[in-house]
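What follows is a single structure, written as structure tokens, with notes after it.
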Amino acid sequence: MKIRLRELSHFDKEAAETLIQKDHGLHPDDKYLKPGRIPHIWCPGCGLGVVLTTFIEAVRRNRIPIDMCSVVSGIGCTGRVAGYLDMDTYHTTHGRAIPFATGLALANPQMSVTVFSGDGDLFAIGGNHLIHAARRNVNLKVICVNNFNFGMTGGQVAPTTPLEAKTSTTPTGNAEPGFNLPYLAHAAGAVYVARWTTFHPRQLAHSISQALNKKGFTFVEAIAPCPTGYGRPNKLGSGLEEMRFYRDMTEVRNGADPKLAEIRLREKFIVGTFHDTDRPDFLENYDRNVVSRVKSKQKGKEKGKAA
Ligand SMILES: Cc1ncc(C[n+]2csc(CCOP(=O)(O)OP(=O)(O)O)c2C)c(N)n1
Ligand code: SF4
């Protein structure tokens, strides 16, 4: 079987489909992807392909029509996910995926809006947006790929880099502790909080599927190997070896207090679905506290005029 997609110019979807049918047959995921964009830019061993596949699996399981599904990303290697998906996707500016997605979710509440971005994008430059969207309980599904560094720009330290871990900007070891993302998302108000690694693709697909099914702000952290930016300075080996490391260093603790989800360098950490609750989302609160009150005031005024 010959892979000839490399010869295609980007966005030549029709030609890509002809090639796929001729040389490969159709893969069940093809309708969710832009084949003309392949080959992707990700390094060998990168965990991003696994997370993308689990997202597609979750969309399929939930039978979300493609035209009701949108994905918003920021900048970074993770941000490229948006470009490979054949649905309404937006590759926004660095750190601004959440405000952009908030606009989409409020303008069309029927739409399933997923924010798919990196730990640097969502918790460094975009950190403020994330905590406020969680507090407001905007109906957004956030998938944060955590590879413990700024992958795309050369493996710099990120707010998730564990204390003592090496990166290109902390060659002797990071002097700051990293954020505990599930704890932060939970404290800010997320109604669903889970963490898995790419060694747990079934559990990850299940959590993303549950998150897509929920109303309100959901948060799924997907820990993924970045052999180029994080694996190399920390001597974690290839992408596969980094996955084995996560296999050995994780303990599944569904229902655990997210406070316990801290990650320290070369210490065991917990994965699982930590939090699943319901509370009124932003639009429900807005309708109840603003729209309906303004309407009843207007009605009162009209009655007064008529009398
Ligand atoms: C305003 C702004 N500042 C900085 C950058 C440079 N930049 C591009 S991607 C990136 C880091 C992305 O890291 P992360 O979100 O963790 O994604 P990864 O590449 O690791 O998947 C940075 C700092 C930018 N594009 N725009
Ligand atoms: S730099 Fe890291 S995150 Fe980016 S594609 Fe390479 S392995 Fe993946």
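Tabulated results
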| read-out | value |
| --- | --- |
| Counting DSSP beta bridges with both ends in the range 191-307, the antiparallel % (nearest 5) | 30 percent |
| Straight-distance crosslink candidates among lysines, where the alpha carbon sits under 24 Å from Lys259 and sequence neighbours closer than 8 are dropped | Lys141, Lys214, Lys215, Lys268 |
| Residue order, fewest to most surrounding Cβ atoms within 10 angstrom, among Val115, Val71, Val191 | Val191, Val71, Val115 |
| Of Phe282, Phe123, Phe199, the one that fluctuates the most in a GNM where the chain has Cα springs shorter than 10 Å | Phe282 |
| The range 41-276 - percent relative contact order, Cα under 8 Å, separation 6 or more | 20 percent |
| Compactness of the range 149-307, expressed as Rg and Dmax over alpha-carbon positions, Å | 22.0, 81 |
| Alpha carbon centroid spacing (whole Å) that separates the range 215-246 from the range 137-190 | 11 Å |
| Choice from His200, His132, His27 with maximal GNM fluctuation in the chain (Cα, 10 Å cutoff) | His27 |
| Cα convex hull of the range 41-276 - mean projected area over all directions, nm² | 10.7 nm² |
| Net charge of Cβ neighbours under 9 Å - reference Cys144; Lys, Arg +1; Asp, Glu -1 | -3 |
| Share antiparallel - DSSP beta bridges, the chain, percent rounded to 5 | 20 percent |
| Burial ordering of Ile143, Ile75, fewest other beta-carbon atoms within 10 Å first | Ile75, Ile143 |
| Size of charge dipole - the chain - debye, nearest 20, with Cβ of Lys, Arg +1 and Asp, Glu -1, no other charges | 960 debye |
| For the chain, built as a Gaussian network whose Cα springs stay under 10 Å, the top-fluctuating residue of Thr170, Thr153, Thr53 | Thr153 |
| Cys226, Cys77 arranged by Cβ crowding within 10 Å, fewest neighbours leading | Cys77, Cys226 |
| Anchor Lys297: aspartates and glutamates whose Cα lies under 18 Å away (excluding residues fewer than 8 positions away in-chain) | Asp287 |
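Read-outs: derived from the displayed coordinates by stated rules, not from any lab. All of these numbers come straight from a predicted model, not from anything done at the bench. Cβ atoms come from the backbone with ideal geometry, glycine included; neighbour counts cover every protein chain shown.
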